[in-house]
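Read the figures in this text as sums done on the coordinates, not as results from a lab. Predicted model, so just to flag it, every value in this text is computed and none were measured. Every residue, glycine as well, gets a Cβ built from its backbone with ideal geometry; the counts of neighbours run over all protein chains shown.
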Amino acid sequence: MSETAEPTLIARREGIAGTLLMNRPKALNALTLEMIRAFADAIAAWKDDAAVRLVVLEGAGGRAFCAGGDVRAVREAALAGDRAAVEAFFSEEYAVNTGIATFPKPWVSLIDGVCMGGGIGVAVHNGPRIVTEHALVAMPETAIALFPDVGTSYVLPRLPGAIGTWLALTGARLTGADSVHAGLATHFVPRERLPALRAALVAEGADAVARFAVAPPEAGFAPHRAAIDRCFSRASVPEILAALDAEGTEWAAGQAKILRRMSPTSLCVSLELLQRGARQDLAACLATELALTRVVVNDHPDFAEGVRSVLVDKDGAPKWQPARIEDVDPAAIRAMFVPVTKEG
Ligand code: QUE
């Protein structure tokens, strides 16, 4: 960063709050290592500062809260064989996720735009989490051959029914209202009331949220809730696909089509991870995710190919290895879950 550039995470003291503004609007505020380090500094400075009674987190630019991690940079590091850079990014990001989860005061996220992947990780482990009618919330990792990370392998299995598995495998885009019904967000506030809510938060604290929240509209996925639970509660990806095919509805056919575009390896890794996450605490989930990141990002070709197809060349034509779900070897998936050790 040049000396004249604005910080990519702007930390301020306002009233009784510490405020954090993710500030890379052209990249939808996707998290860089620099931003992650600034998050860590703010958490360390504010957690025991009695004058800071809450944190308010938001995204700059009016379009996004945070689109995720800076996976373009991670891909370049992986292609260059720079394992240390990959390790620094994810280990420091997950330390921030832990710092937010254990932050002893309200951590208020104002989600008024795109919130995906790493953006969910800096919001979901604490609260309240406010969404507006402009929120778009998703876990799209299977499109880039990653997996639900930033502690979401703990969160997603705890959502109602099989909603978490559905979100993780298909990358379904939720509206603000949907994300309240799914349990990822806690309150719905219309965008036009956000400036007044923000002023009340820094003046009074997090209890102000209740005065601004309104009942969210019905979930868009409500008509499909039963089918989501029927199909996405199956034990393996081939069984989920078979269940979707057996539904015989246009919706189910659409979901199957979406799954068949994702990395087959990533679908299997993600399902296995959520099944394990259901039985582990957040710290264990983050440790499992970090160990898995090393294998998936550094050693499997699909991650670099997925980021290439979605974010670099934007051709939407990834060449996955293997290309078909039928050709994924379950033993190879299990082997990717290397035992978590202190040395990594
Ligand atoms: C899956 C992801 C991400 C994604 C798209 C996916 C992700 C991420 C971004 C993103 C989007 C816009 C940007 C940017 C990154 O997109 O994690 O820098 O300008 O950060 O399908 O996991």
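Between helix 264-277 and the chain there is an angle of about 60 degrees, using the helix long axis and the longest principal axis of the Cα atoms.
Please give the Cα centre distance for region 157-183 versus region 56-108, rounded to the nearest Å. Cα centroid of region 157-183 versus Cα centroid of region 56-108: 21 Å apart. Normalising the Debye intensity of the chain to I(0), with uniform scatterers on Cα atoms only, and taking log10 at q = 0.07, 0.11, 0.14, 0.15 Å⁻¹ returns -0.28, -0.70, -1.14, -1.30. Using only Cα coordinates, the Kirkwood hydrodynamic radius of region 79-186 works out to 14.3 Å. Once the Cα atoms are used to define both axes, helix 83-101 deviates from the longest principal axis of the chain by about 60 degrees. Using the Cβ of Leu57 as centre and a radius below 13 Å, the other residues enclosed give a net charge of +1, where K and R count +1 and D and E count -1.
Qualifying GluC sites (Glu not before Pro) in region 1-91, where qualification requires a DSSP coil assignment and no more than 16 other C-beta atoms within 10 Å, comprise Glu3.
With a cut-off of 13 Å between beta carbons, the residues surrounding Val214 carry a summed charge of +1, where Lys and Arg count +1 and Asp and Glu -1.
Pairs of alpha carbons in region 225-273 separated by more than 12 Å make up 60% of all such pairs. Net charge within 12 Å of Glu192 by Cβ-Cβ distance, Lys/Arg positive one each and Asp/Glu negative one each, not counting Glu192 itself? Once all neighbours under 12 Å are counted, the net charge is 0.
Kirkwood radius, region 47-122, all distinct C-alpha pairs, inverse of mean reciprocal distance: 14.0 Å. May I ask for the percentage of alpha-carbon pairs in region 158-293 that lie more than 17 Å from each other? That fraction is 66 percent. Partner lysines whose Cα lies under 20 Å from the Cα of Lys105, excluding those fewer than 8 positions away in the same chain, are identified as Lys47. Any idea what angle helix 282-299 forms with the longest principal axis of the chain, computed on alpha-carbon atoms, 0 to 90 degrees, nearest 10? In the chain, helix 282-299 runs at an angle near 60 degrees to the longest axis.
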